[in-house]
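> Sending over a structure as structure tokens; questions will come in a sec.
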Amino acid sequence: MLGPIANKEYVLKYLNIYDTHALKKYGQNFLIDDELAENIIKNVKDGEDTILLEIGPGLGALTYHLVKKNGHKVLVEIDPLMCDHLKHQVQEDDVEIVNMDFLRMNLKKYDKEIVVVGNLPYYITTDIIEKLLRSTNVTQMTLMVQKEAYERLTAPINSKEYSPISIFLEYVGGTKLLTKVSRHSYIPEPHVDSLVFQVNVKKEKQIENENEFFKITKAMFLMRRKTILNNLTSYLKDKQKAETILNELNCSLTARPEQLDLDFYLNLTKKIAL
Ligand code: SAM
């Protein structure tokens, strides 16, 4: 790949050559701080037997450093123009450029461990993270997101924003904040600052059927203003059974979903699904 990419001149030059601009519909905010890009990628683990998957490489700000790492690189980008650009720029071997919506990508087809990197498009941050958390072969994620999104994702119990994703993130081992990023580090400049965080997915499974755990936890938050009893009743279609289970779990029938912790949702899954 030619020269560092995360800088203002490079981004403006190529947007100009392609007679385009950053597309809002794809959440395009290009990183223009190459030192930051390099530092982010330094924290990413690699290895011969690893797939390094980048979501939304854009013009290649992070990619420029990522392609130097060990492992098979897969770059998934929805914008065909960005894909063409990358095909011309990337000279390294072992790089696959895939033009598609990441949310439609089948990660199961990779039978190796997947390490994920991305400056995520803000309009689907939560969907992307949920998909990653539900994929059994993802072992590490290093993600750049808007500060508000991170606060929502990691909201503590008893707060308004506490959600199934906060619970899933805790389940896989929690998040580690790597660095804060000023809004001035992007073109165009977003209204809010961002940050980079990492998730190192725990190896030990706390529950046999993780899919059921994700499904049941999500179902318990479908009506978040209602009690856990209401939500469980509508999931089981049996109020008596819902009451019995909650009593067995020593859970108040009037508790709300955001008042219950990870252990509760794990134990609830074990009661219902196993
Ligand atoms: N990585 C580049 C950087 O740091 O400068 C671009 C980051 S920009 C915030 C998000 C990127 O994700 C854009 O290139 C956008 O086209 C791409 N994108 C948006 N939606 C996507 C999707 N559903 N699947 C894959 N890529 C997507």
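The values are calculated or read from the model by the stated rules, or taken from the named source; none is laboratory data. Remember, predicted model here, so these are calculated numbers, not experimental data. Cβ sites come from the backbone with ideal geometry, for glycine too, and all protein chains shown count toward neighbours. When the accessible area is computed, the model is the full protein with side chains, heavy atoms only, and any ligands, DNA or RNA have been set aside. Shrake-Rupley method; radii C 1.70, N 1.55, O 1.52, S 1.80 Å.
> Would you point out which residue out of Lys69, Lys25, Lys42 is of a type in the set (Lys, Arg), closer than 24 Å to Lys176 by Cα and out of contact with any strand residue (DSSP E or B) (no Cβ under 9 Å at 6 or more places or on another chain)?
On inspection, the qualifying residue turns out to be Lys42.
> Can you find, within region 148-167, the residue that is most open to solvent (accessible area, probe 1.4 Å) among those that are assigned to a loop (DSSP other than H, G, I, E, B) and closer than 18 Å to Leu178 by Cα?
Thr154
> Another question about this same structure. Just to be sure I understand, how many residues within region 124-147 are within 12 Å of Ile55 (Cα to Cα), near the ligand (Cβ under 9 Å from one of its atoms) and not in a strand (DSSP E or B)?
Here the count works out to 2.
> Could you give me the residue pairs with C-beta distances under 9 Å whose first residue belongs to region 118-131 and is under 15 Å from Val201 (Cβ atoms) and open to solvent by less than 10 Å² (accessible area, probe 1.4 Å), whose second residue is in a helix (DSSP H, G or I) and more than 10 Å from the ligand (Cβ to nearest atom) wherever it lies, and which are 6+ apart or on separate chains?
Correct list of pairs: Ile129/Ala149; Ile129/Leu153; Ile129/Ile165; Ile129/Phe168; Ile129/Leu169.
> Using the structure shown, decide if Asn99 is surrounded by fewer than 23 Cβ atoms within 10 Å (Cβ to Cβ) and touching a helix residue (DSSP H, G or I) at 6+ places or on another chain (Cβ under 8 Å).
Yes: the conditions hold for Asn99.
> Any idea which of Ile78, Ile32, Ile40, Ile55 is in contact with a Lys or Arg (Cβ under 6 Å, 6 or more places away or on another chain) and within 11 Å of the ligand (Cβ to nearest atom)?
Working: Ile78 fails: in contact with a Lys or Arg (Cβ under 6 Å, 6 or more places away or on another chain); Ile40 fails: in contact with a Lys or Arg (Cβ under 6 Å, 6 or more places away or on another chain); Ile55 fails: in contact with a Lys or Arg (Cβ under 6 Å, 6 or more places away or on another chain).
Only one candidate passes the filter, namely Ile32.
> Could I ask something else about it? Taking the residues in region 168-197 that are in a helix (DSSP H, G or I) and free of Cβ contacts under 8 Å to residues at least 12 places away in the same chain as candidates, determine which candidate is nearest to Arg225 (Cα to Cα).
Looking at the filtered set, the residue picked out is Arg183.
> Only one residue in Asp263, Asp238 is over 18 Å from Ile167 (Cβ atoms) and out of contact with any Asp or Glu (no Cβ under 7 Å at 6 or more places or on another chain), so which one is that?
Asp238 is the lone residue from the list that is over 18 Å from Ile167 (Cβ atoms) and out of contact with any Asp or Glu (no Cβ under 7 Å at 6 or more places or on another chain).
> Restricting to region 89-99, what's the tally of residues that are touching a Leu at 6+ places or on another chain (Cβ under 8 Å) and within 11 Å of the ligand (Cβ to nearest atom)?
1
> Of the conditions (1) among the polar types (S, T, N, Q); (2) more than 9 Å from the ligand (Cβ to nearest atom); (3) open to solvent by less than 10 Å² (accessible area, probe 1.4 Å), Thr63 clears all except one; give me its number.
(2)
> If Lys271 satisfies every condition in (1) open to solvent by 40 Å² or more (accessible area, probe 1.4 Å); (2) farther than 23 Å from Glu130 by Cβ; (3) in a loop (DSSP other than H, G, I, E, B) but one, which is the exception?
It fails just one condition, (3).
> Next up: If we keep just the residues of region 100-123 that are within 10 Å of the ligand (Cβ to nearest atom) and more than 22 Å from Ala6 (Cβ to Cβ), which is farthest from the chain's Cα centre (by Cα)?
Met100
> Next question. Are any of the residues in region 1-20 more than 9 Å from the ligand (Cβ to nearest atom) and touching a Pro at 6+ places or on another chain (Cβ under 8 Å)?
Yes; the residues of region 1-20 include at least one that is more than 9 Å from the ligand (Cβ to nearest atom) and touching a Pro at 6+ places or on another chain (Cβ under 8 Å).
Residue-wise test of (1) touching a helix residue (DSSP H, G or I) at 6+ places or on another chain (Cβ under 9 Å); (2) of a type outside the set (S, T, N, Q); (3) exposed (fewer than 13 other Cβ atoms within 10 Å of the Cβ); (4) farther than 16 Å from Leu132 by Cα.
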position	(1), (2), (3), (4)
Arg183	no, yes, no, yes
Ser194	yes, no, no, yes
Ile216	yes, yes, no, yes
Arg225	no, yes, yes, yes
Leu229	yes, yes, no, yes
Lys241	yes, yes, no, yes
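> Basic (Lys, Arg) and in contact with a helix residue (DSSP H, G or I) (Cβ under 8 Å, 6 or more places away or on another chain), is that true of Lys160?
Yes: the conditions hold for Lys160.
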